[in-house]
Amino acid sequence: MIASENVFTNNETAIAALTGLYVNMTRYVSEGGGFSGSFGVSVLAGLSSDEFSTISSSAPWSNYYTNTLGVNGSFIGSEFWSPLYNYVLKCNSVIEGLSDKAAEALTPSVRQQLFGEAKFMRAFYYFYLVNLYGDLPLAVISDYKFNSLLSRSPKAAVYQQIIADLEEAREQLSADYLAPSLLSKSEHRIRPTKWAANALLARVYLYTDNYSAAEAASSTVINNNVQFEITSLDSVFLKNSKEAIWQIQPTAVNFNTADARTFILPSSGPGTSTDWPVFLSPQLLNSFEKGDTR
């Protein structure tokens with residue numbers, strides 16, 4: 001839990017509470033991150049859904065690729081449960097702290113942006129949780145004793161919470177990318193915006209078969225051709241790319257992202273160790289129509 005009396009009384013420390021979440025997301029699973037590197041959720045979930053292939057016979061890649069996760073061994077399919085719930089509980093703490101009377105000392109626009117970021121991030125983490133694990137304990141407060149007694153809620157209830165958070169977030173988040181102080185605009189796309197909330201909301205609506213709502217939410221982003229446009233393939237993943245809706249600021253010393261080290265293969269091709277264990281599956285590549293530049 002985050003002690004609100006120590007954090008949410010000035011802009012700098014309140015902002016740092018959310019920034020800490022983003023920094024942690026760049027860390028490896030072994031460091032409590034969950035999103036980066038060859039053991040991250042992108043790699044392992046991609047293997048289990050046949051977006052990636054692997055020539056490795058080692059855990060965890062082979063286990064996820066062949067759908068042979070078991071109760072024995074280091075990787076049993078639960079490795080993202082704790083990191084993602086830790087993120088959720090931190091978001092809950094931030095929302096509670098921002099709701100305290102002491103948080104009225106914050107600059108109103110900063111407080112509103114942080115509310116939006118916390119709700120957006122909580123929805124983001126729950127989206128991963130519900131798709132990885134199905135029915136879930138739905139924790140929306142930071143009281144660990146109360147949360148420890150929660151039973152699983154149906155997937156539909158989790159999605160309702162995700163949608164509610166995102167609908168609130170898109171009203172609270174800035175339409176502009178903001179500087180670290182959240183008081184001025186920035187060229188860097190490292191703080192969530194209302195466009196990020198709409199993009200994730202569109203994806204959630206797709207997953208819940210609400211296609212008209214998905215089209216409406218996605219169209220608000222697609223039609224914003226001032227901030228977004230389709231760029232050349234070589235430019236898609238560059239810093240501040242106009243195709244990027246939201247980017248995590250790199251914090252590593254010797255490279256930008258662990259994912260880049262995983263996905264960008266050397267001339268020798270994929271390997272069997274932690275550096276390059278996966279590559280795009282032939283099924284995924286063959287599913288693209290001729291001329292599709294994605």
Boolean, L47 is under 24 Å from the mean Cα position of the chain (by Cα), in the same structural domain as V278 (by TED's automatic domain parsing) and assigned to a helix (DSSP H, G or I): yes
Filter pass, F127 being modelled with pLDDT of 95 or more, within 15 Å of the chain's Cα centre (by Cα) and either part of a helix (DSSP H, G or I) or in the same structural domain as A179 (by TED's automatic domain parsing) (or both): yes
Members of the range 168-214 found to be among the small types (G, A, S), touching a Leu at 6+ places or on another chain (Cβ under 6 Å) and buried (at least 23 other Cβ atoms within 10 Å of the Cβ), listed by number: A197
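A quick yes/no check of all residues on (1) acidic (D, E); (2) farther than 22 Å from A17 by Cα:
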position	(1), (2)
R122	no, no
F127	no, no
L132	no, yes
D143	yes, no
Q160	no, yes
I163	no, yes
Q172	no, no
Selection from the range 134-167 of residues that are touching a residue at least 40 places away in the same chain (Cβ under 8 Å), surrounded by 17 or more Cβ atoms within 10 Å (Cβ to Cβ) and in a helix (DSSP H, G or I): N147, Y159, I162, I163, D165, L166
Verdict on V226 being among the β-branched types (V, I, T) and either at pLDDT below 95 or surrounded by fewer than 12 Cβ atoms within 10 Å (Cβ to Cβ) (or both): yes
Residue list for the range 79-119, filter: in a helix (DSSP H, G or I) and of a type in the set (S, T, N, Q): S82, N86, N92, S93, S99, S109, Q112, Q113
Helices (runs of 4 or more DSSP H) within the range 194-294 that include 1 or more residues among the small types (G, A, S): 194-207, 211-222, 258-263
From the options K194, K185, K239, residue that is under 29 Å from V130 (Cβ atoms) and charged (D, E, K, R): K194
Count of the range 236-261 residues which are hydroxyl-bearing (S, T, Y) and either surrounded by fewer than 16 Cβ atoms within 10 Å (Cβ to Cβ) or assigned by TED's automatic domain parsing to the domain that holds L178 (or both): 2
Number of the exception - G34 against (1) touching a Gly at 6+ places or on another chain (Cβ under 7 Å); (2) assigned to a helix (DSSP H, G or I); (3) under 23 Å from F255 (Cβ atoms): (2)
Failed item in (1) hydroxyl-bearing (S, T, Y); (2) more than 17 Å from the chain's Cα centre (by Cα); (3) more than 20 Å from V110 (Cβ to Cβ), with Y205 passing the rest: (2)
Test: residue in the range 63-78 that is exposed (fewer than 15 other Cβ atoms within 10 Å of the Cβ), in a helix (DSSP H, G or I) and among the aliphatic types (A, V, I, L, M): no
Checklist (1) outside the structural domain of I190 (by TED's automatic domain parsing); (2) within 22 Å of T251 (Cβ to Cβ); (3) modelled with pLDDT of 90 or more; (4) not small (G, A, S) applied to K90, failing item: (1)
Selected residue (criterion: farthest from L183 (Cα to Cα)) from residues of the range 27-60 that are at pLDDT 85 or above, among the polar types (S, T, N, Q) and surrounded by fewer than 21 Cβ atoms within 10 Å (Cβ to Cβ): S57
Condition met for A105 (assigned by TED's automatic domain parsing to the domain that holds Y177, touching a Ser or Thr at 6+ places or on another chain (Cβ under 8 Å) and among the aliphatic types (A, V, I, L, M)): yes
Test: P270 is over 27 Å from F120 (Cα atoms) and either in contact with a strand residue (DSSP E or B) (Cβ under 7 Å, 6 or more places away or on another chain) or without any contact (Cβ under 8 Å) to a residue 40 or more places away in the chain (or both): yes
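The values are calculated or read from the model by the stated rules, or taken from the named source; none is laboratory data. None of these values were measured; they are calculated from a predicted model. Note that each Cβ is placed from the backbone with ideal geometry, even for glycine, and that neighbours are counted across all protein chains shown.
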